[in-house]
1. Which members of the range 56-86 meet the condition of being among the acidic types (Asp, Glu) and either under 17 Å from residue 44 (Cβ atoms) or in contact with a strand residue (DSSP E or B) (Cβ under 8 Å, 6 or more places away or on another chain) (or both)?
2. Give the range 45-101 a look and list any residue that's at pLDDT 95 or above, of a type in the set (Lys, Arg) and over 22 Å from residue 32 (Cβ atoms), or say none.
3. Can you tell me which residue within the range 21-68, out of those that are polar (S, T, N, Q) and surrounded by 13 or more Cβ atoms within 10 Å (Cβ to Cβ), is nearest to residue 99 (Cα to Cα)?
4. Of the residues in the range 17-28, how many are under 16 Å from residue 121 (Cα atoms) and not in a strand (DSSP E or B)?
5. Any residue in the range 55-69 that is on the phi > 0 side of the Ramachandran plot sitting within a Cβ distance under 7 Å of a residue that is surrounded by fewer than 20 Cβ atoms within 10 Å (Cβ to Cβ) and assigned to a strand (DSSP E or B)? List the pairs, counting only those 6 or more apart or interchain.
6. Tell me, which residue of the range 87-120 that is surrounded by fewer than 16 Cβ atoms within 10 Å (Cβ to Cβ) and among the hydrophobic types (A, V, I, L, M, F, W, C) is farthest from residue 45 (Cα to Cα)?
Amino acid sequence: MNSGRRIALPDAVECGEHADERGRLRHCNAFDMSAVRRFYTISNSPGRPVRGWFLHKRETKWFWPVCGRTVLCATSRPCESVPPPPDAVKRIVLDASAPAVQCVPPGFAFAIEQRDGAEVCVFSDVSLQESASGA
């Protein structure tokens, strides 16, 4: 993480939706996926609605809500406690009814909170092996 100063998260990339008699199409045409190496989805269990705090020193993650609402919490400030103090945390609500892709750059610790069957798709710019080795 950085030396105690807070860094703002990048702005979310807004997504869109089109519906007609054939059904619904959700898109995020402005999201540049050229850096993405893998993706996966997360749906926390009802008994454990919070997952985190994870610090990725070199890995970028992008979060896109698939279903329901996911609260993404992130901090760039070094913290000795988990979870960090509330004043050090940026909370962003990702809502599938108004989808956007939120970037969490390297150097941020983050956690997600989900309830009622929420699901989020996570994109990463490193392989699983690179992530496991401390990216």
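1. Result: 59, single match.
2. Of everything in the range 45-101, just one residue is at pLDDT 95 or above, of a type in the set (Lys, Arg) and over 22 Å from residue 32 (Cβ atoms), namely 69.
3. 43
4. 1
5. Close Cβ pairs (under 7 Å, with a partner that is surrounded by fewer than 20 Cβ atoms within 10 Å (Cβ to Cβ) and assigned to a strand (DSSP E or B)) amount to 68/119.
6. Looking at residues that are surrounded by fewer than 16 Cβ atoms within 10 Å (Cβ to Cβ) and among the hydrophobic types (A, V, I, L, M, F, W, C), I get 98.
The values are calculated or read from the model by the stated rules, or taken from the named source; none is laboratory data. Since the model is a prediction, treat every value here as computed from it, not as a measurement. We place every Cβ from the backbone using ideal geometry, glycine too, and count neighbours over all the protein chains shown.
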